[in-house]
Amino acid sequence: MTYDRATSQSSGLFKQYNLSLIGQPAINGQEAIETMADGQRLYIHTLLPEDASSTSVLAANCASVPPCIGTADLEPTQYVMTVQDASNPTDTRFLHVLEGVDAGGTPLAVSSITSSNGTAFDGAVVGTTALMFIHDDTQTGSFANTTYAEPSTVTTNYVAGLTPNAGYTITKSAAAGNTQITVTAGGTTAADNAGVLKF
């Protein structure tokens, strides 16, 4: 999973997520699939921006579609997939799940989740794992709490963007078939050295 923050001083300036690929992906809305010669597939799930448009181009032709980023000589990745919010807002977030699947395999279910209260977080559920990222990383030091809902099938949570080695309290409650999670600053469950809380 990748989460990128992009902010400019004014609107109208492009912000892009670029991914170099060996083969040309088949793009269908917010999902793209790159299929390798041996049948392996890379699923690219675009969860943010919600109104993103995705395109792919042969890297050798990048000069004709600026600001496309090309690839180096002898580089095996020959295609560039670009994700962009065409409205070019001042502030945007790029959230992607990259999922490799063997030939004949089935990808895990992927869905987006967003906090409903407290400090804003964006995230996703991949299979039985939920991953959350703080929306504005300048708020890490002032974090008090955040609340989000996830499917009851989730067994593992990762919350990133917290204070390294600080303690937190996790509260869980049932809510309309989902599980409501509240993370509050202060407690006995410690984040790791990178500020990621696992529970």
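Condition test on Thr138, is it more than 24 Å from Gly177 (Cα to Cα) and in a loop (DSSP other than H, G, I, E, B)? The answer is no for Thr138.
Take Asp137 and tell me if it is modelled with pLDDT under 95 and among the charged types (D, E, K, R). Criteria met by Asp137.
Taking first residues from region 124-140 that are closer than 18 Å to Phe94 by Cβ and partners that are among the basic types (Lys, Arg) and surrounded by 14 or more Cβ atoms within 10 Å (Cβ to Cβ), the Cβ contacts under 7 Å between residues at least 6 apart in sequence or on separate chains come to His135/Arg93; Asp137/Arg5. Criterion first (without any contact (Cβ under 8 Å) to a residue 24 or more places away in the chain and part of a strand (DSSP E or B)) does Thr169 satisfy it? So Thr169 passes the test. Selection of region 163-199 for residues being farther than 21 Å from Asp137 by Cβ, over 25 Å from the mean Cα position of the chain (by Cα) and not polar (S, T, N, Q) yields Ala174, Ala176, Gly187. Of all the numbered requirements in (1) surrounded by 13 or more Cβ atoms within 10 Å (Cβ to Cβ); (2) part of a loop (DSSP other than H, G, I, E, B); (3) in contact (Cβ under 8 Å) with a residue 24 or more places away in the chain, Pro164 misses one, and that requirement is (1). If the condition is being surrounded by 12 or more Cβ atoms within 10 Å (Cβ to Cβ) and either free of Cβ contacts under 8 Å to residues at least 24 places away in the same chain or more than 19 Å from the chain's Cα centre (by Cα) (or both), then region 15-28 contributes Ile22, Gly23, Gln24, Ala26. Asp122 fulfils the conditions (1) touching a Gly at 6+ places or on another chain (Cβ under 8 Å); (2) outside any loop (DSSP other than H, G, I, E, B) except for a single criterion, (1).
The values are calculated or read from the model by the stated rules, or taken from the named source; none is laboratory data. No experiment lies behind these values; they were computed from the predicted model shown. Cβ coordinates were reconstructed from backbone atoms using ideal geometry, including for glycine residues, and neighbour counts include every protein chain displayed.
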